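Step one of this worksheet: look at the structure below.
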Amino acid sequence: MQTGLRPSQTPDSGAPAEAVSPQAGPIQAGSPADHLTPRQADRLGQLSRLSGHLVVALVALVVIGGATRVMQAGLACPDWPLCYGVLLPGRQMNLQVFLEWFHRLDAFVVGVALLVMAAASLVGRRQLPGWLPWASGLALALVAVQGGLGALTVTRLLASSMVTAHLAAALSLLALLSGLHQALKLQQALKRHSQPGTAPLERPWRLVWGLAVCAALLLVFCQSLLGAWMASHWAADRCLAAGDDCRWLLLHRQLAPAAGGAVLAVAALAALCPALPRSTRLLALGGALLVVAQLVLGVTTLRLALAVPAVTIAHQLGAALLVAVLAGLLGQLPGLAGRPPSTSPSPSPLS
């Protein structure tokens, strides 16, 4: 809304906005760039970089976990949390042992990094968005659940329910960190007086956009879990080899058009709404390109009868990237409201 006031004045008093202390409370998503002090900007930059590295590490964690299954290395380390009773099983080391060992190492590094993020967000909560300590705490809880499910996956000898739950926790953690990363990037963009978050998106568009992204994320998430359930039952292998237990493969193929179509619909909405920030439109376009790649990889995987592990693993990589992209779009959503300056407690970002 245009108020006719200079940027240095508030609508209520006409007094310079600089008279209000920027240390009055945690910064809010969608707040003006002037409310970001240098100290806040430094903390945001550090946590944004850390969360970005965590997103990459989590994508790698999902992909290495998929490679471990494809290479039948899930029980290459028969004990947990060590491998053959040691930290580094040099004598037993081969490709399968390395995959399982490195998968656990990646998970450990992710856990330590999340602990650092949670501690930093708690210590610096006065200079950070109010939601960040809560989100960091939730991520820390999720990684603990993920570790517990990983242990059960080994001790229960790769039970299908444990394998699927293990992937569900990993994808949930990936979605949370990807959304968190995009939200932190939003705050940095506000400091630079650049997109996203500088121009408000009308509420009807925000509602449609948010529902479309949520639907696409839910469908892709379910499709990924269905793929994990199918893989843990070796259903695709049995169906292609002997025509046995084909219902899971057929269900996976039937859900694929809905999931892919939802992502393409998100990309179409982004193209039709020029008010969306450039970063949002690029993420949506990336999602559409990933859908095309997933279609090609899925068809190729079946035509090769799952005989080429690299193709199957690439298909799993595409699924993880789709979850990260769609969750990142959700993370940007609060900034699209473009709320006016406020130093008092703010309402919901979507109000």
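The values are calculated or read from the model by the stated rules, or taken from the named source; none is laboratory data. These numbers come from a predicted model, not from an experiment. Glycine gets a Cβ as well: all are built from the backbone with ideal geometry, and neighbour counts include every protein chain shown.
Looking at this structure, is Val263 under 26 Å from the mean Cα position of the chain (by Cα), over 20 Å from Thr312 (Cβ atoms), part of a helix (DSSP H, G or I) and touching a residue at least 12 places away in the same chain (Cβ under 8 Å)? Walk me through it before giving the result.
Numbers: under 26 Å from the mean Cα position of the chain (by Cα): yes; over 20 Å from Thr312 (Cβ atoms): yes; part of a helix (DSSP H, G or I): yes; touching a residue at least 12 places away in the same chain (Cβ under 8 Å): yes.
Spelling it out, Val263 is indeed under 26 Å from the mean Cα position of the chain (by Cα), over 20 Å from Thr312 (Cβ atoms), part of a helix (DSSP H, G or I) and touching a residue at least 12 places away in the same chain (Cβ under 8 Å).
Out of Val163, Val143, which single residue is of a type in the set (A, V, I, L, M, F, W, C), in contact with a Lys or Arg (Cβ under 8 Å, 6 or more places away or on another chain) and either free of Cβ contacts under 8 Å to residues at least 24 places away in the same chain or surrounded by 21 or more Cβ atoms within 10 Å (Cβ to Cβ) (or both)?
None of the other options fit; the residue is Val163.
Based on what the data block shows, is Asp42 of a type outside the set (A, V, I, L, M) and either in the same structural domain as Leu226 (by TED's automatic domain parsing) or more than 30 Å from Met230 (Cβ to Cβ) (or both)? Judged against the criteria, Asp42 is a match.
Here Ala262 meets the list (1) among the hydrophobic types (A, V, I, L, M, F, W, C); (2) surrounded by 15 or more Cβ atoms within 10 Å (Cβ to Cβ); (3) over 23 Å from Trp209 (Cβ atoms) almost entirely, failing just condition (3).
Okay, residues lined up against (1) touching a helix residue (DSSP H, G or I) at 6+ places or on another chain (Cβ under 7 Å); (2) assigned by TED's automatic domain parsing to the domain that holds Leu54; (3) of a type in the set (Gly, Ala, Ser):
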{"position": "Leu251", "(1), (2), (3)": "yes, no, no"}
{"position": "Gln254", "(1), (2), (3)": "no, no, no"}
{"position": "Ala320", "(1), (2), (3)": "yes, no, yes"}
{"position": "Val325", "(1), (2), (3)": "yes, no, no"}
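One residue stands out among those in region 192-219 that are modelled with pLDDT of 90 or more and β-branched (Val, Ile, Thr): the one that is farthest from Gln72 (Cα to Cα), which is Val208. Contact annotation: residue pairs with Cβ atoms under 6 Å, 6 or more positions apart or on different chains, pairing a residue in region 87-114 that is in a loop (DSSP other than H, G, I, E, B) with a partner that is surrounded by fewer than 18 Cβ atoms within 10 Å (Cβ to Cβ), are Gln92/Tyr84.
Hey, any hits in region 163-180 for a residue that's over 24 Å from Ala307 (Cα atoms) and β-branched (Val, Ile, Thr)? I'd like the intermediate steps shown before the answer.
Initially, region 163-180 is screened for residues over 24 Å from Ala307 (Cα atoms), giving 165-166, 168-180.
The next check asks that each one be β-branched (Val, Ile, Thr); those that pass are none.
No, region 163-180 has no match at all.
Among residues of region 296-320 that are within 17 Å of Asp237 (Cβ to Cβ) and small (Gly, Ala, Ser), those with a Cβ under 6 angstrom from a residue that is at pLDDT below 95 and in a helix (DSSP H, G or I), sequence gap 6+ or separate chain, pair up as Ala305/Leu240.
With respect to Leu217, is the statement that it is assigned to a helix (DSSP H, G or I), under 15 Å from Leu329 (Cα atoms) and either touching a Cys at 6+ places or on another chain (Cβ under 6 Å) or outside the structural domain of Ser178 (by TED's automatic domain parsing) (or both) true? It would help to see each step written out before you state the result.
Working: assigned to a helix (DSSP H, G or I): yes; under 15 Å from Leu329 (Cα atoms): yes; either touching a Cys at 6+ places or on another chain (Cβ under 6 Å) or outside the structural domain of Ser178 (by TED's automatic domain parsing) (or both): yes.
Against the criterion (assigned to a helix (DSSP H, G or I), under 15 Å from Leu329 (Cα atoms) and either touching a Cys at 6+ places or on another chain (Cβ under 6 Å) or outside the structural domain of Ser178 (by TED's automatic domain parsing) (or both)), Leu217 qualifies.
If you go through region 89-109 and keep only what is surrounded by fewer than 17 Cβ atoms within 10 Å (Cβ to Cβ) and small (Gly, Ala, Ser), you end up with just Gly90.
Considering only residues in region 220-246 that are farther than 17 Å from Thr164 by Cα and assigned to a helix (DSSP H, G or I), the one that is modelled with the lowest pLDDT turns out to be Ala242.
Selection within region 115-138: residues that are touching a residue at least 60 places away in the same chain (Cβ under 8 Å) and either in contact with a His (Cβ under 8 Å, 6 or more places away or on another chain) or part of a helix (DSSP H, G or I) (or both). The member of this set that is surrounded by the most Cβ atoms within 10 Å (Cβ to Cβ) is Leu132. Checked against the criterion of being over 22 Å from the mean Cα position of the chain (by Cα) and surrounded by 16 or more Cβ atoms within 10 Å (Cβ to Cβ), the candidates Leu290, Leu306, Leu276, Leu297 yield just one match: Leu306.
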